[in-house]
Amino acid sequence: MAIPISYNLRNVTQRPWSTLATTLGIALVVAILVGAFALASGFQAALVETGSPENLIVLRTGADSEISSGISRDAANILRALPEVQVGADGRPLASAEMVVLINQPRLGQGGSSNVTVRGIDAEGLKLRNQVKVVEGRMFTPGTDEVIVARRMARRFASCGIGDKLRFGQRDFAVVGHFTAGGSGFDSEVWGDNAVLMPALNREGAFQSVTLRMRDTTRFAALEKQLEADPRLGVQVRTERGWYSEQSALMATIIRVGGVFITLIMAVGAIFGAMNTMFAAVKQRTREIAVLLTLGFTPTAITLSFLVESVLIAMIGGVAGCLIALPINGITTSTTNWSSFSEVAFAFRVTPVGMAVGLVFAAALGLVGGFLPALRAGRQSLAASLRAA
Amino acid sequence: MNLFSLVLVNLGRNKLRTTLTLMSVVVALFLFCALRGVLDTLAASIKVGSEARLVTRNAISLIFPLPLSYRERLLAIPGVKSVSYANWFGGRDPVDPGNFYAQFACDAETYMPIYDADVEIIAADSSAVPLPVPAGIDPKLAMFMSERDACIVGQSLFKRMKWKLGQKVPVSGTIFPGTWTFTIRAVYHAKDPAFGEESMLFHWKYLSEKGMGGQGIVGWYVLQLGDPGRAGEVTRTVDALYANSGAATHTETERAFQAGFVSMYGNVPFLIGVIGIAVVFAILLVAANTMMMATRERTAEFGVMKTLGFADATLFRLVLIEAGIITFGGGTLGALLAKFAIEGSRFNAGGFLPPMTISWTTVAIGIGVAVLMGATSGIIPALQASRLRIVDALRRVE
């Protein structure tokens, strides 16, 4: 017969300080794990959500980022005229040939500088990205030296406030608005009119990418094959979503691996702590164990009971850890995405999966840490226990 | 019997617990020093790079090029001894695109002499017939200098890729399309760690001919100064010279240029710092818990000691020293383990960072944190022990 769990519950509350210290230790380990996962998920979301499933992006063969790509004007015209491309209300194809460059801007609040993505778009560019909304100021006027800046970047880089001027290519570009883009990669960019930006930056020869809205998404595979085989183009085709998730893969993996590595080392320390607590608990309750044995509980039941208690303490820590990590949800941070060489601002995202991983991890800590003490409790001989008492 | 031997006896009383606590402190300080080591490495990579060399790039950002025509005018600026230039090639391993390493196209005739003190050629192909070598260039580089598509690679890259001298290495261009093949003619060792041993260098001329249709497009210029003291003056002259041209320039010392890459990490160093603090705090709880358990067990014993005439202050010290020894011992062990194990492995995050270094300052801070941890975890139990009244201690039944 198993020892009721209420026995463990009462025991846990019997030693509040000791339990609290162990629980908090485990909670911090779990919080770091959940935090690292939130960082990776946030980073990945920032890029993956950049892509719409209906859009596809065309880049030069071999290019592994937009900035290293180049699409000639002729090729862009061929792409725009494809029958597979959806047509807008005004009869123009929903296709946007874009210039993407980096400008080096000083950071605010922290020394140094970093590369900010500047995207030159045309009228169709906005229609393809429904998530982009100007939240302050106004949209840039096509044909003028005006740009809009992602709100997340405006807080982080110099000269990005409304009314400020960004200077590049011997010209001053007035910042007239701030936009948000639903947590996507566009939330880290500066947007302006292609027709003005390209000559200003000496980029008249070629675009970096062409984004198309497909009439029928099931045609993707066929279209990909057709375009990649076209010798006039020399391009590679991806779904917009697939492309941006490729761009985030390396960094997200680094963050996750780093997070797991740190947590595993921390876990070893926490397990030692949990073992201490449980060994002490077993020792303190020598008499109780003897009584339980006398009452007819089997040694296995006693081992199991202590194991349950250890897991219980660890799980309370796990829940506390998730709660500690929860407030970081939504906090924005930024770093350079080395795959695109540009700064990406993104928000921590505490996901149910991340928290579940944290809880499972906590349970595992309790199990491993409680194993030896529980075994000792079960192996205690009745005679010795009563004598010790 | 002096105080210290009493402490030792107490430590040995529950060996399992002492060991477990010690080990958790070891782990904590190992991690703390490893994390701080990442910051050390970043900080160290700010300080590498010469202050006697300037880097001139396009003012907009590094992805915009400069014309080759700037070279002559840069050379004519007073204080500039020699000028070289290079381009980022941005190639990928065609077999395994995830296996990243850097390739640079450089004007070898001027580039190699400028970096002469930083790199050493440790292996090179030699030809049957003696080949002429331009002035200022290591004669071992004769084969490299005479071949259009030859390249030099860093020692650590060379080993990692299991290459051989004379081997033809395919690289697929991301910026300059197509598959390029380079022949390895020499291997270099970086005497200055800033230079790194994870790069491939090849001839800029080859890039220009094959990739730019003969155009002169330069990624950045390197300016060797005669006198580092003139860096500020030369910087201003260069940037003023091109301020109103189609490609304005941004000039800085090579050291500042390198620091620019570190600053691109953004909030990462801050996050690493936060994690380091969390680690220390978590283990502090473990240590404090142990000390509390240890003193609670000995309540009756403290009563006896007080009866025998041990002063309150002595008991206070007894508990505190016990905590201090565990954390100091564990901390020292963990910090040294981090220093030697991590530095020994020469971990470099797959070429993203120079080989990890953990400074002695970090080791010292780690040990300091450990001692502080001991003091904090021991203070409450120590106070409890010293304030204990004999009657309570002896009455209490465990």
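Here are the numbers for this structure:
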read-out: Test: residue in segment A:15-36 that is under 30 Å from residue A:198 (Cβ atoms) and in a helix (DSSP H, G or I); value: no
read-out: Residue, farthest from residue B:228 (Cα to Cα), within segment B:248-267, restricted to residues that are facing another protein chain (nearest Cβ under 8 Å) and in contact (Cβ under 8 Å) with a residue 12 or more places away in the chain; value: B:265
read-out: When residues of segment B:165-197 are limited to those that are of a type outside the set (Gly, Ala, Ser) and within 14 Å of chain A (Cβ to nearest Cβ), the one farthest from residue A:234 (Cα to Cα); value: B:170
read-out: Number of positions in segment A:69-119 that are part of a loop (DSSP other than H, G, I, E, B) and more than 14 Å from chain B (Cβ to nearest Cβ); value: 11
read-out: Count of residues meeting criterion [over 37 Å from the mean Cα position of the chain (by Cα) and free of Cβ contacts under 8 Å to residues at least 12 places away in the same chain] in segment B:365-390; value: 1
read-out: Which listed residue is out of contact with any Phe, Trp or Tyr (no Cβ under 9 Å at 6 or more places or on another chain), among the charged types (D, E, K, R) and within 14 Å of another protein chain (Cβ to nearest Cβ), from B:36, B:57, B:92; value: B:36
read-out: Out of A:66, A:49, sole residue that is on the phi < 0 side of the Ramachandran plot, at pLDDT below 90 and more than 9 Å from every other protein chain (Cβ to nearest Cβ); value: A:49
read-out: Any pair with Cβ under 8 angstrom, 6 or more apart, that starts in segment B:279-291 at a residue that is more than 13 Å from residue B:22 (Cα to Cα) and more than 7 Å from every other protein chain (Cβ to nearest Cβ) and ends at one that is of a type in the set (Val, Ile, Thr) and in a helix (DSSP H, G or I); value: B:280/B:369
read-out: Conditions (1) surrounded by fewer than 19 Cβ atoms within 10 Å (Cβ to Cβ); (2) out of contact with any helix residue (DSSP H, G or I) (no Cβ under 6 Å at 6 or more places or on another chain); (3) outside any strand (DSSP E or B); number of the one not met by residue B:41; value: (1)
read-out: Tally, over segment A:331-344, of residues that are modelled with pLDDT of 90 or more and surrounded by fewer than 17 Cβ atoms within 10 Å (Cβ to Cβ); value: 1
read-out: Residues of segment B:177-207 satisfying the condition of being of a type in the set (Ser, Thr, Tyr) and either in a loop (DSSP other than H, G, I, E, B) or touching a residue at least 40 places away in the same chain (Cβ under 8 Å) (or both); value: B:179, B:188, B:199, B:206
read-out: Where residue B:15 falls short, out of the listed (1) more than 10 Å from chain A (Cβ to nearest Cβ); (2) touching a residue at least 60 places away in the same chain (Cβ under 8 Å); (3) basic (Lys, Arg); (4) more than 24 Å from residue B:137 (Cα to Cα); value: (2)
read-out: Subset of segment A:340-368 [at the interface with another protein chain (Cβ under 10 Å from one of its Cβ atoms) and over 19 Å from residue B:274 (Cβ atoms)]; value: A:341, A:342, A:343, A:344
read-out: Check on residue A:317, assigned to a loop (DSSP other than H, G, I, E, B) and more than 9 Å from chain B (Cβ to nearest Cβ); value: no
read-out: Test result for residue A:343, assigned to a helix (DSSP H, G or I), touching a residue at least 60 places away in the same chain (Cβ under 8 Å) and among the acidic types (Asp, Glu); value: no
read-out: Residue in segment B:182-195 that is within 30 Å of residue B:256 (Cβ to Cβ) and touching a Cys at 6+ places or on another chain (Cβ under 7 Å) present; value: no
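Each row is one residue, and each column tells you yes or no for (1) crowded, with 20+ Cβ neighbours inside 10 Å; (2) under 30 Å from residue A:117 (Cβ atoms); (3) in contact with a Ser or Thr (Cβ under 6 Å, 6 or more places away or on another chain); (4) not small (Gly, Ala, Ser).
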residue	(1), (2), (3), (4)
B:228	no, no, no, yes
B:240	no, yes, no, no
B:250	yes, yes, no, yes
B:281	no, no, no, yes
B:298	yes, no, no, yes
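The values are calculated or read from the model by the stated rules, or taken from the named source; none is laboratory data. Note that the structure is predicted; figures quoted are calculated from it, not measured. We place every Cβ from the backbone using ideal geometry, glycine too, and count neighbours over all the protein chains shown.
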